[in-house]
Each structure stands twice: as structure tokens, then as C-alpha cells.
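The values are calculated or read from the model by the stated rules, or taken from the named source; none is laboratory data. Predicted, not measured: the structure shown is a model, and the values here were computed from it. In this analysis, Cβ positions are derived from the backbone assuming ideal geometry, glycine residues included, and neighbour counts consider all displayed protein chains. Keep in mind that these areas ignore ligands, DNA and RNA; they rest on the heavy atoms of the full protein, side chains included. Shrake-Rupley method; radii C 1.70, N 1.55, O 1.52, S 1.80 Å.
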Amino acid sequence: GKQTEEEKEEYRKKETMYIYNDYAYQFFREQYEANTDEARRCRSYAEYSEDGVMKGRWESSYCKTIGLGYSPLRDNKFCEYARKKGLNMKVLLEMGLIAENEEHPGVYYDFYRGRLMIPQRDNYGRIVTFTARAINPQAERKYLNSKDNLIYKKGTTIFGIDVALRVAKQTGKVYLVEGAPDVMRLQSLGIGNAISCLGGSWSKEQLEVFSRFGCSLCFIPDRDLPKQG
């Protein structure tokens, strides 16, 4: 059908956001592979190798397959990168990739600092957001997620769906686990039909994605003790 000007503008903005996420992905990947002390700490946290040199969470080749990245701790390097690429800072702000100084409007800084960057893709393989895991065990918040925007909604987006949907159609079941790292652990072991949400609870919209294919939903909780109440 015929699109209104508003619909055309929304479509163009969505496409811009997908492109900007690809730029962010390239930046975070370069920082992850950099020859710096903090990048090495990030790789040491994330990767393990058969020779035992690195004792992280996932096999090294899988970390490259999924495309793990790193956000530097200081100097607002992503903002600097975005400006050099000519990216629209207001769109990046809307996506949650950068933040704005409340006392000085128009002054931007990197929202993610010193964190392992995990790309989240939709069922078409496009990056819709990143979930950021703190490397510092003393960090106040273990995970940071993007705010909702035109291409990412926390209540409808599913981590791991780009892999899990194909496998679930074949196996007839899907494993719902606690978080993105648990999905990655199972995927790295060859169990592709694992998914998680990037929030505290599952929504009806998320679960209905798999119910349409008649899949059994298997919940696998983590080892944390249930909170009182």
C-alpha cells in the first residue's frame, strides 16, 4: 500500500539505526581485539582456550563467531569514533549508545564504559541492540541494556532468536535460560535452541513467538537462590 510521509520517515530512521549498530559493532570489535591492557582483560574474562592460557567463559572461536566487543573505560572513544564517521549524535542518543550531560545539553559521552559488549540480533540476523557485561566484579550494575527505540523493544526482543528459531522448528523445543551468557554457553556447546530475555521476566509477546510453531518451552533456572517474596 501507499506509505504516508510519517511512515517513510520511520522506515528511513529504522534503517539508519541498523546501520549505526553495524558501525558500533565494528568499533567494539576493534576495541576487543586491540593490543591494550584493558582489552586483554576483557578477552581473558570472555575466552577460554584448550591450552589453558585463557580461562574465561566461552571457547575463543565462538567468541569471534558471535562477535564479542569491548567498550573502553575512558576518553569517550565511541563518541569520537561516531563524530569521525559523521553519525547523527541525536540518533545515537535515542538508541542508548551514548548519553547526554544533564547540566550541559549537547555534550555527549559514552554510555557503555569498561564492558564486554554482546550484540543482540533479530531473527534476520540484524543487530538490534547490545547487552553490556561489567568486567569489574565490583561494578554497581552487572548488566546494562539499551533503552527502547524503533528497532529494539525489551518486552518483545529475544536474545539468541537468530539461532534458536531455526533449531526450535526442527527439535520442537526451546530452552529458556536466565541471561545472554547462559544462551552463549549452550550455543558454544552446540545447543542452539536456547534463548533469554534482557529483563527480569518474560512477556506474552516473547513466548508467543515459539508457541506459533508448537514448541515446548523448557525453563532452566540459574543457581541463584529465589528472592524472598
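Side notes on the structure shown:
- Among the numbered conditions (1) surrounded by 15 or more Cβ atoms within 10 Å (Cβ to Cβ); (2) within 18 Å of the chain's Cα centre (by Cα); (3) in contact (Cβ under 8 Å) with a residue 40 or more places away in the chain, the only one that LYS13 does not meet is (2).
- Within the option set ARG113, ARG121, being open to solvent by 40 Å² or more (accessible area, probe 1.4 Å), farther than 17 Å from LEU198 by Cα and of a type outside the set (Val, Ile, Thr) holds for one residue only, ARG113.
- Just one residue in the set GLY214, GLY192 is buried (at least 16 other Cβ atoms within 10 Å of the Cβ) and assigned to a loop (DSSP other than H, G, I, E, B); that residue is GLY192.
- Among residues of segment 143-170, those that are within 16 Å of ILE66 (Cα to Cα), part of a loop (DSSP other than H, G, I, E, B) and open to solvent by 20 Å² or more (accessible area, probe 1.4 Å), counted: 0
- Within segment 118-135, tally of residues that are in contact with a Leu (Cβ under 9 Å, 6 or more places away or on another chain) and either under 16 Å from ALA164 (Cα atoms) or assigned to a loop (DSSP other than H, G, I, E, B) (or both): 4
- Of all the numbered requirements in (1) over 18 Å from VAL107 (Cβ atoms); (2) part of a helix (DSSP H, G or I); (3) at pLDDT 95 or above, LEU93 misses one, and that requirement is (1).
- Looking only at residues in segment 22-73 that are in contact with a strand residue (DSSP E or B) (Cβ under 9 Å, 6 or more places away or on another chain), of a type in the set (D, E, K, R) and in a loop (DSSP other than H, G, I, E, B), the one that is modelled with the highest pLDDT is GLU33.
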